[in-house]
Amino acid sequence: MNAGALRSGTALSALGPVEMRLLVVEDYAPLRKSLCQGLQEAGYAVDASADGEEGLWFAKTNDYDGVVLDVMLPGRDGLSIVTQLRRTGRQTPILLLTARDTIQDRVHGLNLGADDYLVKPFAFPELLARVRALVRRRYHRRDPRITVGDLELDTAARTARRGRERIELTAREYALLEFLALRAGDVVTRTQIWEHLYDFDSPAESNVVDVYVGYLRKKIERPGLPKLIHTRRGQGYVLEAGDA
């Protein structure tokens, strides 16, 4: 990815359709660019801001699957952002980043409503593992494996199987399947799918969700086996075992 495309205080275009949508609020440009690039390469859509006030606006305006939030920010500090989001009922998972390494600082951030705490400097693989854990926790999944009928997803390896057969999926198709699997049994609207798989700058396409649901059905459905992806007319889609 061209680092010049990352602008402080603006949303970022993703490398392509991805699995979940994150917000990074970090004022130190080199770190912000590195985090965004790493998260995008790991398969996330990423919006980013260098300013606390704008970061709060992004977090209140969009339904993110996780927020990576620096504590020390211009405009509004990270702890204030956590407080405001929790007061308004937002339960988005938040990972705080800070240079402060005292127990008191960590306890204070967690007591305000943050979900996790990472002290700078840190290794990116650790941050990525913590982000993935927070996203799974949001959907009440601690095990990286998700099973729906005879369909199994491994969210760590980003693979899918139906029975013993491995299903070859594109990045777009896997992203959609994982999002449906994380909410298995619940109706997911087209708008929800779009908002969670694409970042702020992605151009809207009216039928892209339906097109990729069609692609996914062709790959995971099998003659004689129960349907897994069901259309709810006027509502959206649901992933569940059975013929309903």
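No lab work stands behind these numbers, since they all come straight from the coordinates. Just so it is clear, the model here is predicted, and its values are computed rather than measured. Positions of Cβ are backbone-derived with ideal geometry, glycine not excepted, and every protein chain shown enters the neighbour counts.
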Subject >> Set of segment 85-101 residues, backbone N closer than 12 Å to the point 7 Å along the Cα-Cβ line of Asp77 >> reply: 99-100
**OP:** About the Cα centre of the chain, how large is the charge dipole given +1 on each Lys and Arg Cβ and -1 on each Asp and Glu Cβ? Please answer in debye to the nearest 20.
**Re:** 660 debye
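Taking 0.36 nm per residue of sequence separation and subtracting the Cα-Cα distance, how much length would be gained by fully extending the chain between Leu31 and His230, in nm to one decimal?
Details: separation 199, 0.36 × 199 = 71.64 nm, distance 4.23 nm.
So the chain would gain 67.4 nm between Leu31 and His230.
Let me have the 222 nm mean residue ellipticity of the chain computed from DSSP H runs of 4+ only, each contributing -39500 (n - 2.57), with the sum over all residues rounded to the nearest 500.
The helix contribution divided over the chain gives -11500 deg cm²/dmol.
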**OP:** Only bridges with both residues in the chain count here: give the DSSP antiparallel percent, nearest 5.
**Re:** 50 percent
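Just subtract the alpha-carbon distance of Ala241 and Thr159 from 0.36 nm times their residue separation and send over the number in nm, one decimal.
27.6 nm
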Subject >> Protection proxy ranking, peptides 167-174, 78-85, 66-73, average beta carbon neighbours within 10 Å, highest first >> reply: 66-73, 78-85, 167-174
Original post:
Taking H as built 1.01 Å from N, whose amide H comes closer than 5 Å to the amide H of Ile167, not counting residues under 5 places away?
Top reply: Ala160, Arg161, Arg162
Original post:
Over segment 19-137, what is the mean sequence separation of C-alpha contacts under 8 Å (at least six apart), divided by residue count, expressed as relative contact order in percent?
Top reply: 23 percent
**OP:** Classify the chain as rounded, prolate or oblate, taking a ≥ b ≥ c as the square roots of the eigenvalues of its Cα gyration tensor: rounded when a/c is under 1.5, otherwise prolate if a/b is larger than b/c and oblate if not.
**Re:** prolate
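Evaluate the relative contact order of the chain (contact order divided by residue number), counting alpha-carbon pairs under 8 angstrom at least 6 apart; express in whole percent.
Dividing the mean separation by the residue count of the chain yields 18 percent.
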Subject >> Inter-probe distance in nm under a simple model that places probes 7 Å from Cα toward Cβ, at Glu41 and Glu195 >> reply: 3.1 nm
Subject >> Cut-off under 5 Å, modelled amide H: who pairs with Val24 long-range >> reply: Asp47, Ala48, Ser49, Val68
Original post:
Could you give the dipole magnitude of segment 145-239 about its Cα centre, charging the beta-carbon of Lys and Arg +1 and that of Asp and Glu -1, in debye to the nearest 20?
Top reply: 480 debye
Subject >> Span from the segment 107-159 Cα centroid across to the segment 42-67 one, whole angstrom >> reply: 17 Å
Original post:
How would you classify segment 3-138 from its alpha-carbon gyration tensor, with a ≥ b ≥ c the square roots of the eigenvalues: rounded for a/c under 1.5, else prolate if a/b is greater than b/c, otherwise oblate?
Top reply: rounded
**OP:** Report the semi-axes of the equivalent ellipsoid for segment 145-239 in whole Å, largest first, where each axis is √(5λ) for an eigenvalue λ of the Cα gyration tensor.
**Re:** 21, 15, 12
Original post:
Along segment 59-65, what does the Karplus equation 6.51 cos²θ - 1.76 cosθ + 1.60 (θ = phi - 60°) give for ³J(HN,Hα), rounded to whole Hz, x for Gly and Pro?
Top reply: 5, 7, 8, 10, 9, 7, 8
Original post:
Of Leu31, Leu73, Ala133, which is farthest on the positive side of the dipole of segment 3-138, counting Cα position, with +1 on Lys and Arg Cβ, -1 on Asp and Glu Cβ, and the Cα centre as origin?
Top reply: Ala133
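Order 102-115, 29-42 from most to least packed using the mean count of other Cβ atoms within 10 Å.
Averaged packing, sorted descending, gives the order 29-42, 102-115.
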Original post:
Using a Gaussian network model of the chain with C-alpha springs under 10 Å, which one of Gly149, Gly234, Gly43 is most mobile by mean-square fluctuation?
Top reply: Gly234
**OP:** Give the shape of segment 23-75 as rounded, prolate or oblate, defined through the alpha-carbon gyration tensor: a ≥ b ≥ c are the square roots of its eigenvalues, a/c under 1.5 means rounded, and otherwise the shape is prolate if a/b is larger than b/c and oblate if not.
**Re:** oblate
Original post:
Can you tell which of Thr98, Thr231, Thr155 shows the greatest fluctuation in a Gaussian network model of the chain with Cα springs below 10 Å?
Top reply: Thr231
